[in-house]
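Single-structure report; data block below.
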There are 4 protein chains.
Amino acid sequence: MKLAVIYDSKTGNTRQAAGWIAEGMRRIEGVQTGVFGVEDVDEAFVKEACGVVIGSPSYAALMTPNMREWLMGAGKLGLAGKLGGAFATAQYTHGGAELVVQSILVNELGFGMLCYSGGNSKGRPIIHIGPVGINGNVEEHNALENYREYFTVFGERFAAKAAELFG
Amino acid sequence: MKLAVIYDSKTGNTRQAAGWIAEGMRRIEGVQTGVFGVEDVDEAFVKEACGVVIGSPSYAALMTPNMREWLMGAGKLGLAGKLGGAFATAQYTHGGAELVVQSILVNELGFGMLCYSGGNSKGRPIIHIGPVGINGNVEEHNALENYREYFTVFGERFAAKAAELFG
Amino acid sequence: MKLAVIYDSKTGNTRQAAGWIAEGMRRIEGVQTGVFGVEDVDEAFVKEACGVVIGSPSYAALMTPNMREWLMGAGKLGLAGKLGGAFATAQYTHGGAELVVQSILVNELGFGMLCYSGGNSKGRPIIHIGPVGINGNVEEHNALENYREYFTVFGERFAAKAAELFG
Amino acid sequence: MKLAVIYDSKTGNTRQAAGWIAEGMRRIEGVQTGVFGVEDVDEAFVKEACGVVIGSPSYAALMTPNMREWLMGAGKLGLAGKLGGAFATAQYTHGGAELVVQSILVNELGFGMLCYSGGNSKGRPIIHIGPVGINGNVEEHNALENYREYFTVFGERFAAKAAELFG
């Protein structure tokens, strides 16, 4: 079963988070992951995937223009019916990462995807609408590494649900 | 296959919309619908349902306090893994109905549901994140009946997806 | 007192709505309006303006990539402290126009603007977070003209508030 | 000049954040602050206040039912035209605090308030739509104290803007 993680990244933080999600996904037997920057997406892989997780850094509390542009053209990838998830990174805890997650989910619903985060149904950590990571650029107590478990756990739960539905 | 539609309603508009969704759901063979006001939910039915669609009128661009309260206690219904949808009604086109749909979806994700609207994947009408109806209380050109097709089509698509996944 | 309305528009609907807002603004004595497409903004005018209203059509329930891009570079316009408003148009009543308004307001807050819609404080029509217009492209009962009054009334209230604060 | 901070709090975290905001507000000369739990609001004080900041913990990524209920009845307080701000606390960084801030701002706009966060206009820390604090209940690297400066700085900026507009 193929699962894709698609991200935009400027400094590498969102790419790192994407990698952690894929790492978690591969804990589920039979899962093959593809992790793609938004400017280098393997379209054939995405079309064959059962689930796609999309992430962006928060720029002024919105997804990046690159991601916005990419999503405008993503209709051709046949995303309808696939499992969809979303994640984001930000420099400030209050910096809009969840607003970014929410707007990616709006796009995914618009493609006819099945949106899934796991929520509170798998115990702790609860992952409300999608995982978020804050880097240590400006917040001294923070480091992206603090959020690694959330990303891997989310990836694992997402893959388990995809396997249950489509495996 | 059981599907539930749960709504809050003061003047009857959201109840009407709920009924239309259920009408659309029953176009799919084998579907049994339960339509419940938020103060009279048949919990056994909901627990057995494969999908639950939740709707509220917009009060000041948010769901009603009743619905908010009900959702706080809905964890006991075992919603995780069920297909989830959302709808809303409002008096003004700009009156926050979509914001209500969005916040209901946030709750559903939090329960671990699979959120689905059909989006643009079934042609017209495109239903972005969930159907919305505007009543004719204050907008002269509007009447809830104008939105009937959106609610029934949404119900039908939702039920078809539930049947495909869980039937 | 200068007030600007900045929009993106593909088919002319959002441009029309922008014009109606400016029409309403000019009902307040001493107001001079500038209405600019996002690709042809008079930056000197905007810098001198006391208030700026920004609008976009809904594309897949999000603002257009053009508007997103423009907002990324709008920091140089010195928007901080100005009165800010937002509006949107869509083809479907449930098509995400309010979500677009909400995300434009997020951007405006990020620039340090004072966001204002008038809300329910001026009686009917209540304008919750910003006016929205649905064109008649796909909804037979709708026509952008149905929403003309909302746009002009919003413009008038916005200008009255700007005059009260900065006039 | 009077400024009010109104909060709901179960464990004391949001009350603490409210206190920090008020502390920051009082750095501006002539500011008198009133900090009220949602069940014990001094309505006369709020009516005389030039600005009101409202905060809630995130419960399932939404404001608490108590706060929702209180906002339903807050129309009688004459909030229109006052400066409005919002804040939230949560147990998880991805736990919906910003979604709560956003929905409080929607309510404030609906009352006809002037919403303000300062955004990026005052340098670092940038405060996008409102400050957020994560407590240390479940995130080991976090403690509400980490966010103290954001709350005080936000309070100070909010009060400075209120003094500029209404002082």
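The values are calculated or read from the model by the stated rules, or taken from the named source; none is laboratory data. For clarity, every value in this text was computed on a predicted model and none was experimentally measured. For neighbour counting, all protein chains shown are included, and Cβ atoms are generated from backbone atoms with ideal geometry for every residue, glycine included. Please note that ligands, DNA and RNA were not included when accessible areas were found on the heavy atoms of the full protein model with its side chains. Shrake-Rupley method; radii C 1.70, N 1.55, O 1.52, S 1.80 Å.
Within the set of pairs 6+ apart or on separate chains, which have a first residue in the stretch B:93-111 that is closer than 15 Å to B:A60 by Cα, a second that is open to solvent by 10 Å² or more (accessible area, probe 1.4 Å) and part of a loop (DSSP other than H, G, I, E, B), and C-beta atoms under 7 Å apart?
B:H94/C:H128; B:G95/B:S58; B:G95/C:H128; B:G96/B:S58; B:G96/C:H128; B:A97/B:S58; B:V100/B:S58
Just give me the residues in the stretch B:75-89 being modelled with pLDDT of 95 or more and either over 18 Å from B:S9 (Cα atoms) or within 9 Å of another protein chain (Cβ to nearest Cβ) (or both), in sequence order. Spell out the reasoning first.
At the first step, the residues of the stretch B:75-89 found to be modelled with pLDDT of 95 or more are B:77-89.
Correct list: B:L77, B:G78, B:L79, B:A80, B:G81, B:K82, B:L83, B:G84, B:F87, B:A88.
Going by the conditions given, is C:V100 among the β-branched types (V, I, T), part of a helix (DSSP H, G or I) and within 13 Å of chain D (Cβ to nearest Cβ)? Explain how you work it out, then say what you get.
Details: among the β-branched types (V, I, T): yes; part of a helix (DSSP H, G or I): yes; within 13 Å of chain D (Cβ to nearest Cβ): no.
The answer is no for C:V100.
Which of the residues that make up the stretch C:21-46 are farther than 19 Å from C:M63 by Cβ, in a helix (DSSP H, G or I) and either open to solvent by less than 30 Å² (accessible area, probe 1.4 Å) or touching a residue at least 24 places away in the same chain (Cβ under 8 Å) (or both)?
Once the filter is applied, which keeps residues that are farther than 19 Å from C:M63 by Cβ, in a helix (DSSP H, G or I) and either open to solvent by less than 30 Å² (accessible area, probe 1.4 Å) or touching a residue at least 24 places away in the same chain (Cβ under 8 Å) (or both), the stretch C:21-46 yields C:A22, C:E23, C:G24, C:M25, C:E43, C:F45.
For a quick check of your reading of the model, give me the residue pairs whose first member lies in the stretch D:141-167 and is in contact (Cβ under 8 Å) with a residue 40 or more places away in the chain and within 24 Å of D:H94 (Cα to Cα), whose second is surrounded by 24 or more Cβ atoms within 10 Å (Cβ to Cβ) and β-branched (V, I, T), with beta-carbon atoms closer than 6 Å and at least 6 apart or on different chains.
Pairs that qualify, where the first residue is in contact (Cβ under 8 Å) with a residue 40 or more places away in the chain and within 24 Å of D:H94 (Cα to Cα) and the partner is surrounded by 24 or more Cβ atoms within 10 Å (Cβ to Cβ) and β-branched (V, I, T), are D:N142/D:I134; D:F151/D:I21; D:F154/D:I127; D:G155/D:I21.
Quick check on the stretch A:58-66. Is at least one of its residues outside any loop (DSSP other than H, G, I, E, B), polar (S, T, N, Q) and surrounded by fewer than 24 Cβ atoms within 10 Å (Cβ to Cβ)?
Checked the stretch A:58-66: at least one residue is outside any loop (DSSP other than H, G, I, E, B), polar (S, T, N, Q) and surrounded by fewer than 24 Cβ atoms within 10 Å (Cβ to Cβ).
Exactly one condition in (1) closer than 23 Å to D:G96 by Cβ; (2) under 16 Å from the mean Cα position of the chain (by Cα) is not met by D:A49; state its number.
Just one mismatch for D:A49, condition (1).
State the number of residues belonging to the stretch D:1-20 that are of a type in the set (S, T, Y) and open to solvent by less than 20 Å² (accessible area, probe 1.4 Å).
1
Which of the residues belonging to the stretch A:103-145 are crowded, with 23+ Cβ neighbours inside 10 Å, more than 14 Å from chain B (Cβ to nearest Cβ) and not in a loop (DSSP other than H, G, I, E, B)?
A:G133, A:I134
Taking C:A162 as meeting all but one of (1) within 9 Å of another protein chain (Cβ to nearest Cβ); (2) of a type in the set (A, V, I, L, M); (3) on the phi < 0 side of the Ramachandran plot, write down the number of the exception.
(1)
Collect the residues in the stretch A:67-97 that are open to solvent by 10 Å² or more (accessible area, probe 1.4 Å) and assigned to a helix (DSSP H, G or I), keeping them in residue-number order.
Result: A:E69, A:W70, A:M72, A:G75, A:K76.
Quick one: which residue in A:K47, A:K10 is of a type in the set (K, R) and touching a Leu at 6+ places or on another chain (Cβ under 7 Å)?
Numbers: A:K10 fails: touching a Leu at 6+ places or on another chain (Cβ under 7 Å).
Among A:K47, A:K10, only A:K47 is of a type in the set (K, R) and touching a Leu at 6+ places or on another chain (Cβ under 7 Å).
What residue, among those in the stretch C:149-167 that are under 13 Å from the mean Cα position of the chain (by Cα) and of a type in the set (D, E, K, R), is surrounded by the fewest Cβ atoms within 10 Å (Cβ to Cβ)?
Of the stretch C:149-167, the ones under 13 Å from the mean Cα position of the chain (by Cα) are C:150-159.
So of that shortlist, the ones also of a type in the set (D, E, K, R) come out as C:156-157.
Numbers: C:E156: 20, C:R157: 23.
Per the criteria, the residue is C:E156.
Yes or no: the stretch A:31-50 includes at least one residue that is of a type in the set (G, A, S) and within 14 Å of chain B (Cβ to nearest Cβ).
Scanning the stretch A:31-50, I find no residue that is of a type in the set (G, A, S) and within 14 Å of chain B (Cβ to nearest Cβ), so the answer is no.
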